[in-house]
Amino acid sequence: SAVISQKPSRDICQRGTSLTIQCQVDSQVTMMFWYRQQPGQSLTLIATANQGSEATYESGFVIDKFPISRPNLTFSTLTVSNMSPEDSSIYLCSTPGQLYNEQFFGPGTRLTVL
Amino acid sequence: GENVEQHPSTLSVQEGDSAVIKCTYSDSASNYFPWYKQELGKGPQLIIDIRSNVGEKKDQRIAVTLNKTAKHFSLHITETQPEDSAVYFCAASSGGSYIPTFGRGTSLIVHP
């Protein structure tokens with residue numbers, strides 16, 4: 001399984017600012033995913049990030065709010081723009097495994113917006 | 001699309017007891033059912049999975065069962081230990097998709 005790291009692990013931000021979250025994988029992967037986990041809730045897919053193409057966003061998520069970069073096969077960033085308290089969540093990146101459909105997750109970034 | 005329901009939302013047991021978490025799914029095309037454990041401050045970790053050609057799978061103290069006819073699957077943890085305390089998520093996906101649909105999670109608390 002891939003080893004995934006995220007930076008920062010947590011942050012407290014002011015309303016109206018932006019935060020960029022980094023995701024690093026220890027091997028080359030074609031697909032990377034970004035999830036949001038609101039307090040006490042399940043995991044909601046934000047977008048799929050493919051190297052060399054635009055990210056694919058799920059319903060309810062837009063590029064202006066959550067721009068994503070995927071400069072190479074081991075790295076991706078998610079930016080949470082113009083933040084409001086409703087953006088307070090854990091943000092997780094993941095990659096699929098080699099077998100079937102398993103997902104491997106990073107440790108998450110816990111974001112609090114004041 | 002797929003819809004996954006998970007129950008209970010909270011489960012409290014004494015150390016040594018068994019714990020059962022149940023999930024139902026709606027899409028008959030789903031054929032892969034993983035379970036994830038999320039400890040405080042960490043990302044979800046895959047602990048066991050089952051595919052639709054299998055009815056039951058066991059790995060030490062944990063087991064999963066699948067009933068395709070009824071569209072439900074369950075996680076069984078025997079001889080629970082305090083370190084089993086975590087949030088557990090079930091999920092379902094079909095062969096053509098890397099993207100699972102997750103249940104809402106069960107917070108398992110094992111009292112020593």
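Spacing of the modelled spin labels on A:LYS7 and B:ASP17, each 7 Å from Cα toward Cβ, amounts to 4.5 nm.
Couplings 3J(HN,Hα) for the range A:81-98, derived from phi with the Karplus relation 6.51 cos²θ - 1.76 cosθ + 1.60 (θ = phi - 60°), are 9, 6, 5, 10, x, 5, 7, 4, 6, 9, 10, 10, 9, 8, 9, x, x, 7 Hz, where x marks Gly and Pro.
Peptides A:88-95, B:9-16, B:20-27 ranked from most to least packed, by the mean per-residue count of other Cβ atoms within 10 Å: A:88-95, B:20-27, B:9-16. Going by neighbour counts of Cβ atoms within 10 Å, the residues A:ASP26, A:ASP11 line up, fewest first, as A:ASP26, A:ASP11.
Residues B:HIS111, B:HIS76 in ascending order of nearby Cβ atoms (within 10 Å, fewest first): B:HIS111, B:HIS76. Calculate how large, on average over all directions, the projected area of the Cα convex hull of the protein assembly as shown is; give the answer in nm² to one decimal. If I average the Cα hull's projected area over directions, I get 12.3 nm². Here, P(r) means the percent of Cα pairs in each 10 Å bin from 0 to the largest distance; for the range A:1-59 it is 17, 45, 34, 4.
Per residue of B:36-43, what is the mean number of Cβ atoms on other protein chains within 10 angstrom of that residue's Cβ?
Counting other chains' Cβ atoms within 10 Å and averaging over B:36-43 gives 5.
Here chain A was treated as a single set of alpha-carbon atoms; its pair distances binned every 10 Å from 0 give 15, 50, 30, 5, 0 percent.
Each reported figure results from applying straightforward, stated rules to the coordinates on display, with no laboratory input. Note that the structure is predicted; figures quoted are calculated from it, not measured. Positions of Cβ are generated from backbone atoms using ideal geometry, with glycine treated the same way; all protein chains shown enter the neighbour counts.
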